[in-house]
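**Student:** First the structure, which I've put down as structure tokens, then a few questions once you've had a look.
Readers should treat all values here as calculations from the given coordinates under stated rules, not as data from a laboratory. Just so you know, these numbers come straight off a predicted model, no measurement behind them. Here the Cβ is made from the backbone with ideal geometry for all residues, glycine too, and neighbour counts use every protein chain on show.
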């Protein structure tokens, strides 16, 4: 038997078909998982505040007393603003509406790695007999 003959007898088409079927089954399982995640995200609701407003109001200057390191008393005028916050009432959203999406994975590359070990053993032997008679 030759090495070339052994390589021709390797079930490569069956290996490729088995790989393709395994990929198809794996892809189907991944898609089902992603769809189930999408359904769960569509069912679950959260309360979202859609808008927050900052209102900046002018603050009247005021005289603030101080004492320096030498014990001298004085006043300093402090100016500034007051920031108030307001928001709209919370609104129910599904997690999908809120922007959470499931990941859909896909196989982009598959590799079949085949390792083959072929050995060959040849034996040969010969026998002969020789004899002589003396008279």
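**Student:** Compute the FRET efficiency between residue 12 and residue 36 as 1/(1 + (r/R0)^6), taking r as their Cβ-Cβ distance and R0 = 30 Å, and round to the nearest 0.05. Can you show the working numbers first?
**Tutor:** Numbers: r = 36 Å, r/R0 = 1.22.
With a Förster radius of 30 Å, E is 0.25.
**Student:** With P(r) over Cα pairs in 10 Å bins from 0, in percent in mind, check (1) 11, 42, 38, 9, 0; (2) 8, 13, 11, 11, 10, 10, 9, 8, 6, 5, 3, 2, 2, 1, 1, 0; (3) 12, 41, 35, 11, 1 and report the label derived from this structure.
**Tutor:** Only one listed value fits the structure, namely (2).
**Student:** What spacing in nm lies between the two simple spin-label points modelled at residue 129 and residue 27, each 7 Å away from Cα in the Cβ direction?
**Tutor:** Between residue 129 and residue 27, the simple spin-label model gives 7.3 nm.
**Student:** Still on this structure, I have one more. Work out how much length residue 108 to residue 45 would gain on full extension: take 0.36 nm times their residue separation and subtract the Cα-Cα distance, in nm to one decimal. Mind showing how you got there, number by number?
**Tutor:** Numbers: separation 63, 0.36 × 63 = 22.68 nm, distance 3.42 nm.
Full-extension gain reported as 19.3 nm.
**Student:** Now for a different question. By how many nm would the segment from residue 84 to residue 62 grow when fully extended, if each residue of separation counts as 0.36 nm and the alpha-carbon distance is taken off? Write down the numbers at each step before the final one.
**Tutor:** Values: separation 22, 0.36 × 22 = 7.92 nm, distance 1.94 nm.
Answer, rounded to one decimal: 6.0 nm.
**Student:** Evaluate E = 1/(1 + (r/R0)^6) for residue 55 and residue 101, where r is the Cβ-Cβ distance and R0 equals 41 Å; express this FRET efficiency to the nearest 0.05.
**Tutor:** On the way: r = 35 Å, r/R0 = 0.85.
After rounding to 0.05, the efficiency reads 0.75.
**Student:** Take 121, 32 and order them by how many other Cβ atoms sit within 10 Å, fewest up front. Each step should come with its number before you reach the end.
**Tutor:** Details: 121 4, 32 10.
Listed from fewest to most nearby Cβ atoms, that is 121, 32.
**Student:** A further question follows. Can you give the calculated 222 nm mean residue ellipticity of the chain, where each DSSP H run of n ≥ 4 adds -39,500 (n - 2.57) and the sum is split over every residue, rounded to the nearest 500 deg cm²/dmol?
**Tutor:** Mean residue ellipticity at 222 nm (helix-derived): -9500 deg cm²/dmol.
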